[in-house]
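**Q** Please read through the structure below; I'll follow up with questions.
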Amino acid sequence: IPDHVAVLLVQLANAIHIIDMAQLRPMENCAVIGCGHLGLLLIKALRACGAGRIVGVELHTFRQKAARAHGADAAVEPVSAANLVRTWPRGGVDVAIDVSNAAEACRLSVELTRVGGRALMASSPRDNRVLFNAYEARMKQI
């Protein structure tokens with residue numbers, strides 16, 4: 001396999017593994033937190049696997065635009081994400097996936113997830129610390 005192809009296969013394998021870990025069911029609503037190269041590939045893979053609504057959560061507007069171009073139904077900044085998914089059926093996403101490498105994103109993934117949903121941390125924050133509200137995760141049975 002040529003090197004330029006092999007590099008892409010590693011990220012595709014990561015996206016497939018993340019979806020497998022999420023135990024995605026058809027038409028489940030998803031949030032992808034972090035729309036860099038892995039997040040964009042994950043959005044495409046979620047769409048191909050039959051996900052319902054997909055929201056990309058990203059600080060940078062150029063990455064929000066890329067998320068929509070890659071199949072996200074919406075792409076918003078983190079402060080707007082919770083307000084958006086509260087309007088969706090069941091008041092949150094079924095699956096929230098953090099691929100942002102930001103410690104605070106784990107908290108957001110718990111906030112966006114509906115009661116009984118699943119939140120995955122598929123990144124490694126730069127300082128090796130994650131922040132989330134354990135009480136909220138427990139009460140939502142995430």
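**Q** Which whole-percent values make up P(r) of the chain when all C-alpha to C-alpha distances are grouped in 10 Å steps starting at zero?
**A** Taking every Cα pair in the chain, the percentages come to 13, 46, 34, 6, 1.
**Q** Follow-up. Per residue, how many Å² of accessible area does region 1-55 show with a 1.4 Å probe?
**A** In whole numbers, region 1-55 has 54 Å² accessible per residue.
**Q** Also, I was wondering about something else. Could the peptides 101-110, 44-53 be put in order, highest first, of the mean number of other beta-carbon atoms found within 10 Å of their residues?
**A** 101-110, 44-53
**Q** Compare the peptides 80-88, 27-35 by average per-residue count of other Cβ atoms within 10 angstrom and give them in order, highest first.
**A** Packing proxy ranking, top to bottom: 27-35, 80-88.
**Q** Enumerate the residues in region 68-108 having an amide nitrogen under 17 Å from the point lying 7 Å beyond the Cα of Asn133 toward its Cβ.
**A** Of the residues in region 68-108, 78-87, 91-93, 96, 104-108 have backbone N under 17 Å from the label point off Asn133.
**Q** For n ≥ 4 DSSP H runs only, could you compute -39500 (n - 2.57) per run for the chain, divide by its residues and tell me the 222 nm figure to the nearest 500?
**A** -13500 deg cm²/dmol
The values are calculated or read from the model by the stated rules, or taken from the named source; none is laboratory data. It should be emphasised that the depicted structure is a prediction, and the values quoted were computed from it without experimental measurement. Backbone-built Cβ (ideal geometry, glycine too); neighbour counts: all protein chains shown. Ligands, DNA and RNA are stripped out before the accessible areas are found, and what is left, the full protein with its side chains, is counted by its heavy atoms. Shrake-Rupley method; radii C 1.70, N 1.55, O 1.52, S 1.80 Å.
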